[in-house]
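Just so it is clear, none of the values below were taken in a lab; they were calculated from the coordinates. Treat the numbers as computed from the prediction; the structure is a model and nothing was measured. When we count neighbours, we look across all protein chains shown, and the Cβ atoms used for this are built from the backbone with ideal geometry, even at glycine.
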Amino acid sequence: MKALVIEGGKFSVDESYAKPAPERDEAVIKVKYAGICDTDVQLASGYLSFEGVAGHEFVGVVDGGSEAWLGKRVVGEINCPCGVCEHCLAGRSKHCTYRTVLGINGRDGCFAEYIMLPTVNLHEVPAALADEKAVFAEPLAAAVNVAELTHVAPTAEVAVVGDGKLGLLVAQVVSLGGAEVVVVGHHPGRADKLAQMGRPVPILKPDDPPGGHYDVVVECSGAADGLQQALGCVRPRGTVVLKTTIADPYNVDLAPAVVDEVAVVGNRCGPFGPALKILSEGLIDPTPLIEEIHRFDELPDVLARGAPGLKHLVKFE
């Protein structure tokens, strides 16, 4: 099969990469669409010293393995836990000590014609939901996790730092619960995208939001100075939620977090069930985020350019 392989900080297409062979309770999935995430761009740039096949946002059809899933169109959760370590037994399987993570840690990802996942990770895609929307299930689930883990109140004032694809999804999800939301970013024109997605949310320039004002600040900038900016926006005893993963280290003064007793919360993957429900019911339309849909053989060039703009998808023929 074809796969884009990262080795030694370089990436290339391997036309004869081994197709995965399913073990017990696993499924082989033929990928239809894959999404390019900023994490994938970071991995291709050396983040985590990654080697292998990246990519963790996909929609596909089960092609092998479990007979009960054969032929079903699916998306899949990316964390694959061991099931027996202390975290798994305590209900924290997403943080399993020995987990593999699709396209990120120990498990080849979806920048390939086929992938393999445990059947417990799979979610069937509703028949009426288009592939171009279903492929957003993973990043939308990550956005849902902000509201669930942080318990954003309907009366809260929320700032989302970063007007990229994840920041816009987070703004949409948080606004669903009634909170007053602003986005802080460098692209005011993306306010039109937010309106097209379902809910108008204003975009403020980085110097515009009032300092020390917001109950919750979600850092989605993908930049090393994003945390510092978030700390400048949050009110005393407010909460900063970190969504950014970057290859470069943060350079940040944490004294404001101490003095103002700010809670800093890490936030990663989220629940697929609510994300698919949001997509199926049309509460959020992610397709305005699509910058371009590429053929698989265009993927190396797109990664080399850093997938500029908003969402880039890869369509497998």
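The C-alpha atoms of the chain define a longest principal axis, and helix 137-150 lies at about 40 degrees to it.
For Cys37, what is the net charge nearby, where nearby means another residue's Cβ is under 14 Å from its Cβ and Lys, Arg count +1, Asp, Glu -1? Local net charge: -1.
Solvent-free Debye calculation, one equal scatterer per alpha-carbon of the stretch 1-77: log10 I(q)/I(0) at 0.13, 0.24 Å⁻¹ equals -0.46, -1.15.
The Cα atoms of the stretch 41-129 cover 36, 35, 23 Å along the three principal axes, with the biggest extent listed first.
Per-residue extension of 0.36 nm, minus the Cα-Cα distance of Arg237 and Asp208, leaves a gain of 8.3 nm for this segment. When only Cα pairs below 8 angstrom with a gap of at least 6 residues are kept, the stretch 1-133 shows a relative contact order of 30 percent.
Can you pull out the GluC sites (Glu not before Pro) in the stretch 177-276 whose DSSP state is coil and whose Cβ has at most 15 other Cβ atoms within 10 Å? Show your work: numbers first, answer last.
Working: sites: Glu180, Glu219, Glu261; in loops: Glu261.
Sparse-neighbourhood loop GluC sites (Glu not before Pro): Glu261.
Computed from label points 7 Å out along Cα-Cβ, the spacing between Ala68 and Arg295 is 4.0 nm.
Val174 sits among other residues whose Cβ lies under 10 Å from its own Cβ, and their net charge, with Lys and Arg +1 and Asp and Glu -1, is 0.
In whole percent, what relative contact order does the stretch 139-266 give with Cα contacts below 8 Å and a gap of six or more residues? Mind showing how you got there, number by number?
On the way: 266 pairs, mean separation 27.7, N = 128.
Computed value for the stretch 139-266: 22 percent relative contact order.
What is the list of residues in the stretch 150-167 whose amide nitrogen lies under 16 Å from a point 7 angstrom out from the Cα of Val265, following Cα to Cβ? Flagged as within label range: 150-161. In the calculated pair-distance distribution of the stretch 65-217, the portion above 20 angstrom amounts to 60 percent of the Cα-Cα pairs.
Both numbers refer to the Cα atoms of the stretch 135-191; Rg and Dmax are 10.9, 31 Å.
Would you mind giving the three semi-axes, in whole Å and largest first, of the ellipsoid equivalent to the chain according to its Cα gyration tensor?
Details: eigenvalues 207, 83, 81 Å².
Semi-axes (√(5λ), whole Å): 32, 20, 20.
One quarter of the surface of the convex hull around the alpha-carbon atoms of the stretch 139-266 equals 7.0 nm², the direction-averaged projected area. Sparse packing (at most 15 other Cβ atoms within 10 Å of the Cβ) combined with a DSSP loop state is found for the following chymotrypsin sites (Phe, Trp or Tyr not before Pro) in the stretch 23-119: Tyr98. With 29 Å as the limit, write out which pairs from Lys2/Lys277; Lys10/Lys193; Lys94/Lys193; Lys30/Lys311 have Cα-Cα distances beyond it, or answer none. Exceeds cut-off: Lys2/Lys277; Lys10/Lys193; Lys94/Lys193.
Over all projection directions, the Cα-based convex hull of the stretch 246-303 averages an area of 7.8 nm². Comparing Cys96, Cys37, Cys80 in a Gaussian network model of the chain, where Cα atoms under 10 Å apart are tied by springs, the biggest mean-square fluctuation is seen for Cys96.
Counting each DSSP H run of 4 or more residues in the chain as -39500 (n - 2.57), what helix-only mean residue ellipticity at 222 nm follows after dividing by all residues, to the nearest 500 deg cm²/dmol?
Numbers: 10 runs with 76 residues, N = 317.
Mean residue ellipticity, 222 nm, calculated: -6500 deg cm²/dmol.
Tell me, what is the FRET efficiency for Lys10 and His87 to the nearest 0.05, using R0 = 41 angstrom and their Cβ-Cβ distance as r? Don't skip to the end; give the middle numbers.
On the way: r = 34 Å, r/R0 = 0.84.
Rounded to the nearest 0.05, the efficiency is 0.75.
Counting charges near Phe50 (Lys, Arg +1; Asp, Glu -1) among other residues having Cβ under 10 Å from its Cβ returns a value of -3. Place a point 7 Å from the Cα of Glu124 along the Cα-to-Cβ direction; which residues of the stretch 253-287 have their backbone N under 19 Å from it? Residues 272-281 qualify, since their backbone N sits under 19 Å from the label point.
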